[in-house]
Amino acid sequence: MAQSWFIWNGFDCRSKGVLLDGPVAIVRPEERVQHSQIPGRSGDLTQLEGEDIYNSYIQTATILVHGGYRVREIYRWLRGAGYVTFSGEPDKKQAARIIGAITLNKHSYNLDWWTGECQFYCQPLKELLIDNPVTITSSGTAIRNNGDVESRPLYKITVASGKTSITLTAAWTQGSATRLMTITVTGLTGGSTYYIDSDALEVYNANRTDLLTKNSGGTFPVLGPGNNVITFTNIASVEITKRERFL
């Protein structure tokens, strides 16, 4: 079995003389629910807080450090907040914060190895380590969200020449229903580039010197899991950073 590893805030643990004493589990987060007891009724009433709402959780990694002289360096490195990637899912990253004490103890009297536990308090949804954007130039083009839940993309749009307003729609099928999310933006300049950020809920120009959210109406379009059809008017091209999210 290959040696397990992790990357914390851009630094591979192996470059620090650190190994994992076995693989870290791949966790599917717990849904956030509320259980209520109803008088006269057996069991509980389970209520979801919302669609695709999950709890954060703790990942515990047992680490091995080669060389006691590295202990202080490791303590300085393994702290604060950032992104972690574990070898079990090398293509994904996860927002996390290191919590609790890290205590490194001598593993062997004969070998200079030190061992201890590091706890990562992980946000529930993982992201792709590399998120390559997709560019479309024809309205009605289908793109796929390979994630497990809805994503909140960043749309980079180029306004068609001579146009001052645009519409952008994402549509997908959920069960037997079709969901549509459309945003309109006015006060634009033809031939110029703008960003529609469905996570930050902002619209701004290429240099981010002009916030145009006030000129927008409708709903910031998200992408449902599976195929999504993107339609638009008065747009020459759309570059979509999908921001897929995984359980």
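Computed from the coordinates by the stated procedures, all read-outs in this text should not be read as laboratory data. Everything numeric in this text was worked out from a predicted model, so none of it was measured. When we count neighbours, we look across all protein chains shown, and the Cβ atoms used for this are built from the backbone with ideal geometry, even at glycine.
For the stretch 7-153, a simple Cβ point-charge model (Lys and Arg +1, Asp and Glu -1, everything else neutral) yields a dipole of about 560 debye relative to the Cα centre. Take the Cβ atoms of Arg28 and Glu202, set R0 to 35 Å, and the FRET efficiency comes out at 0.65. Since only Ala2, Thr158, His66 are under comparison, the one whose Cα sits farthest along the positive direction of the charge dipole of the chain, derived from C-beta charges on Lys, Arg, Asp and Glu, is His66.
Using 16 Å as the cut-off for backbone N distance, which residues of the stretch 136-158 belong to the label zone defined by a point 7 Å from the Cα of Asp91 along Cα→Cβ? Zone members listed by number: 144-149. Residues whose amide H comes within less than 5 Å of that of Val134, counting only those at least five positions distant or on another chain, are Ile240, Thr241, Lys242 (H built at 1.01 Å from N in the peptide plane).
With runs of 4+ DSSP H residues as the only contributors, calculate the mean residue ellipticity of the chain at 222 nm using -39,500 (n - 2.57) per run, divided by the residue total and rounded to the nearest 500. Don't skip to the end; give the middle numbers.
Details: 1 runs with 7 residues, N = 247.
That comes out to -500 deg cm²/dmol.
Assign unit charges at the C-beta atoms only (+1 for Lys and Arg, -1 for Asp and Glu), then state the dipole size of the chain relative to its Cα centre in Debye, rounded to the nearest 20. It would help to have the intermediate numbers written out before the result.
Details: 24 positive and 23 negative charges, 88 e Å.
The dipole of the chain has a size of about 420 debye.
Here percent of Cα pairs over 31 Å apart was computed from the coordinates, and among (i) 19; (ii) 32; (iii) 44 the match is (iii).
Relative to a virtual label point 7 Å from the Cα of Ala142 in the Cα→beta-carbon direction, which members of the stretch 172-209 show backbone nitrogen distances below 14 Å? Flagged as within label range: 172-174.
Extending 7 Å from the Cα toward the beta-carbon at both Trp77 and Asn9 defines two label points whose distance is 1.2 nm. Think of the stretch 6-127 as having a plus end and a minus end, set by charges on the Cβ of Lys, Arg, Asp and Glu; of Gln37, Cys118, His107, His107 sits farthest toward the positive end of this dipole. Here the calculated FRET efficiency for His66 and Asn132, from their Cβ-Cβ distance with R0 = 51 Å, stands at 0.90, rounded to the nearest 0.05.
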